[in-house]
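One structure is given below, encoded as structure tokens.
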Amino acid sequence: MRFYQPTSPLFAALSYISFTQGHAGHHATKTWLEESGSCNATNTTIDLTWHAPVNSSINNLQTVINGTGIYGFIFNTSQGPPNTYNWCNMPHVNPATYPRVEDKSYKLEYVEVIHRHHKRTPYAANTFPKESYPWDCNDEGLFYGGKPINPSGNASADTYWDVYTSPSNPFAPEGFNGTCQFPQITRGGLDDSHQHGVDLKAVYADLLHFLPQEYNKNLISYRVTNNVITSQVASMLIAGMYPSRASTSTPLLIQPDSIDSLEPTYPCPYASNLFSTYGSGSTNPTWLAHLNAATPLYTRLDALSGISPTAKPWHMSFDHYFDNLSARLCHQKSLPCNLTNTTTTNCVTPTEAYEVFRLGEYEYSFIYRDTPASLPASVGSYGIWIAELAQNLRHAMGEGPSSTTTTTTTTTNGTSDRVKYRHNVAHDGSISRLLAILQLEKMVWPGMGAEVVFELYSKAGCHYLRVLWGGEVMVSSHPALGRLDMLPVREVLAYFDGLVGVGGSKVPGICAQS
């Protein structure tokens, strides 16, 4: 069963999806000022309003329900053109498609990458009560352990989990039987993570000569969330970037679980409540409209899967069915069949899977871009990470400390090395909130490995920012951001500061709103 169809590049593919003007309502109450001829000038008025994404087949309910296919997107393999939307392995910076800066007077000063983890098994909550076949992970070992450092002590063994089901345990596991955890990064996801690292090294070290050929902890930093799947990805990505790090201890920055800004997990009731007023679980008429329109599909899927029609989590959105079906296809597993009647007519068809995927893409566009509330909800829930990014950019320009405590290290000769490359491994909810704040022009559900890169350049004493999404220059609906290609960094920082405050100072107040 093949879901891949030859298609045009990622954003070219998006561009053909019946785009029409979608910028009505862009009546900002504040506007940008001209820079007054100085790259250090600070804008005193900032447009902090939401600007609608373009209208397309992705956020058009009629097309979603009555359409066919999945817009030329790939859902069944990690392999494909490096600039095509691929749910299993999204486009990222790579030497074949990297957009070189033609003006050689620009000097790359700092890079910060954030991307979603790579492909995995589905979450246990997204598996069916009983699955018709097992899912085994005997082709990988996920290692867990510890050892004394600073100072070193007794050596430790490299231990990994070996999942099994005991014949003496009368209880059968829910969902897939087999030797996997749900979720865990799969062997294919580990390989994709490694290649991601290889591609980044090929661009930023080999092509641009920006990163050193060998790992330097004073120049390069990696960060993960408290969800262990991000560490599983980082372990392979680092070895892909720097093969000498294979089987070698390498630090991963991580924040306390209760206030982690990368995942994010810090408390923000205002943002949570705002999302709940119009998204999954809400009674928002527009949200309910797509669920009601999909009633025949729900009826069919419930009958095949054994999911109760009254199981609320499965029917508040298509997240559960989307995860279940897409994870199978990304790992070349068959679509599920009814356990009591396994004839081909009682299996989920590719056409039905396509509709689930169209509905999932629609939901993410609605939640994170199509609704005006998406901007304040995302600012509240992801504003701390935005503030950290802003501080890292300032630090790279020589203005104050960075957002981490391990950024500047004094060397033996008394000099200091500034971290010039930061890499964050996160989740789809992280990337989606970031895209909402940047007001991405054409929103999609960030697939496995989806990547945003911030590149800071200098030229003639001024600094400029370029943002890459899926390996290509990002385009924003915000009129002052537009094509995020060599924007004066002061304008971007003014936008960030206006939303979240320097050091995230506005976020606690935002999150405390009733």
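The values are calculated or read from the model by the stated rules, or taken from the named source; none is laboratory data. The structure displayed is predicted, hence computed values, not measured ones. Glycine gets a Cβ as well: all are built from the backbone with ideal geometry, and neighbour counts include every protein chain shown. Areas reflect the complete protein model, heavy atoms only, side chains present, ligands, DNA and RNA absent. Shrake-Rupley method; radii C 1.70, N 1.55, O 1.52, S 1.80 Å.
Which residues, taken from the range 247-271, are open to solvent by 50 Å² or more (accessible area, probe 1.4 Å) and touching a helix residue (DSSP H, G or I) at 6+ places or on another chain (Cβ under 6 Å)?
LEU252
Out of the range 329-358, which residues are over 22 Å from GLY67 (Cα atoms) and in contact (Cβ under 8 Å) with a residue 40 or more places away in the chain?
Selection gives CYS330, HIS331, GLN332, LYS333, SER334, PRO336, CYS337, LEU339, THR342, ASN346.
Taking GLY178, is it part of a loop (DSSP other than H, G, I, E, B), touching a Pro at 6+ places or on another chain (Cβ under 7 Å) and touching a residue at least 12 places away in the same chain (Cβ under 8 Å)?
Yes; evaluated as a whole, the condition is true for this residue.
In this structure, is GLY504 open to solvent by less than 10 Å² (accessible area, probe 1.4 Å), in contact (Cβ under 8 Å) with a residue 60 or more places away in the chain and in contact with a Gly (Cβ under 7 Å, 6 or more places away or on another chain)? Steps first, answer last, please.
Numbers: open to solvent by less than 10 Å² (accessible area, probe 1.4 Å): yes; in contact (Cβ under 8 Å) with a residue 60 or more places away in the chain: yes; in contact with a Gly (Cβ under 7 Å, 6 or more places away or on another chain): yes.
It is true that GLY504 is open to solvent by less than 10 Å² (accessible area, probe 1.4 Å), in contact (Cβ under 8 Å) with a residue 60 or more places away in the chain and in contact with a Gly (Cβ under 7 Å, 6 or more places away or on another chain).
If I filter the range 231-250 for residues that are touching a Phe, Trp or Tyr at 6+ places or on another chain (Cβ under 7 Å), within 30 Å of THR371 (Cβ to Cβ) and without any contact (Cβ under 8 Å) to a residue 40 or more places away in the chain, do I get at least one hit?
For the range 231-250, residues touching a Phe, Trp or Tyr at 6+ places or on another chain (Cβ under 7 Å), within 30 Å of THR371 (Cβ to Cβ) and without any contact (Cβ under 8 Å) to a residue 40 or more places away in the chain: absent.
Filtering the range 224-246 down to residues that are over 27 Å from CYS180 (Cβ atoms) and open to solvent by 40 Å² or more (accessible area, probe 1.4 Å), which residue is nearest to the chain's Cα centre (by Cα)?
This residue is PRO243.
Restricting the search to the range 401-417, which residues are modelled with pLDDT of 85 or more and either within 11 Å of TYR110 (Cβ to Cβ) or of a type outside the set (Ser, Thr, Tyr) (or both)?
The answer is PRO401, SER402.
Take the conditions on the phi < 0 side of the Ramachandran plot, open to solvent by 30 Å² or more (accessible area, probe 1.4 Å), at pLDDT 95 or above and not basic (Lys, Arg) and apply them to THR29. Does it pass? It would help to see each step written out before you state the result.
Working: on the phi < 0 side of the Ramachandran plot: yes; open to solvent by 30 Å² or more (accessible area, probe 1.4 Å): yes; at pLDDT 95 or above: no; not basic (Lys, Arg): yes.
Here the answer is no, as THR29 does not meet what is asked.
Please state which one of SER168, SER221 is open to solvent by 80 Å² or more (accessible area, probe 1.4 Å) and among the small types (Gly, Ala, Ser).
Just one listed residue meets the conditions, SER168.
I need the full set of residues from the range 135-147 which are at pLDDT below 95 and either open to solvent by 70 Å² or more (accessible area, probe 1.4 Å) or closer than 17 Å to HIS320 by Cβ (or both), in order please.
Within the range 135-147, PHE143, GLY145, LYS147 meet the criteria.
Can you pull out the residues in the range 105-127 that are part of a loop (DSSP other than H, G, I, E, B), open to solvent by 10 Å² or more (accessible area, probe 1.4 Å) and either in contact with a Gly (Cβ under 8 Å, 6 or more places away or on another chain) or modelled with pLDDT under 95 (or both)?
Of all residues in the range 105-127, those part of a loop (DSSP other than H, G, I, E, B) come to 105-106, 117-119, 121-123, 127.
Still in the running and open to solvent by 10 Å² or more (accessible area, probe 1.4 Å): 105-106, 119, 123, 127.
Residues satisfying the conditions are LYS119, THR127.
Here are some residues: GLY471, GLY429. Which one is crowded, with 22+ Cβ neighbours inside 10 Å and closer than 30 Å to GLY240 by Cα?
Every option except GLY471 fails the conditions.
Which one is surrounded by the most Cβ atoms within 10 Å (Cβ to Cβ), of the residues in the range 285-296 that are touching a residue at least 60 places away in the same chain (Cβ under 8 Å) and assigned to a helix (DSSP H, G or I)?
The selected residue is TRP287.
Hey, can you tell me all the residues within the range 82-100 that are more than 22 Å from VAL425 (Cβ to Cβ), surrounded by fewer than 18 Cβ atoms within 10 Å (Cβ to Cβ) and not basic (Lys, Arg)?
Hits for the range 82-100 are ALA96, PRO99.
Which residues, taken from the range 206-240, are closer than 13 Å to PRO251 by Cα, among the hydroxyl-bearing types (Ser, Thr, Tyr) and not in a loop (DSSP other than H, G, I, E, B)?
Residues satisfying the conditions are SER221, TYR222, SER231, SER235.
For the range 432-445, how many residues are touching a residue at least 60 places away in the same chain (Cβ under 8 Å), in a helix (DSSP H, G or I) and open to solvent by less than 10 Å² (accessible area, probe 1.4 Å)? Working first, answer last.
From the range 432-445, those touching a residue at least 60 places away in the same chain (Cβ under 8 Å) are 432-437, 439-445; that's our starting set.
Now narrow it down to the ones that are in a helix (DSSP H, G or I): 432-437.
Filter again for open to solvent by less than 10 Å² (accessible area, probe 1.4 Å), leaving 432, 434-437.
Qualifying residue count, the range 432-445: 5.
Between SER193, SER282, SER276, which is free of Cβ contacts under 8 Å to residues at least 24 places away in the same chain and either part of a loop (DSSP other than H, G, I, E, B) or crowded, with 21+ Cβ neighbours inside 10 Å (or both)?
SER282
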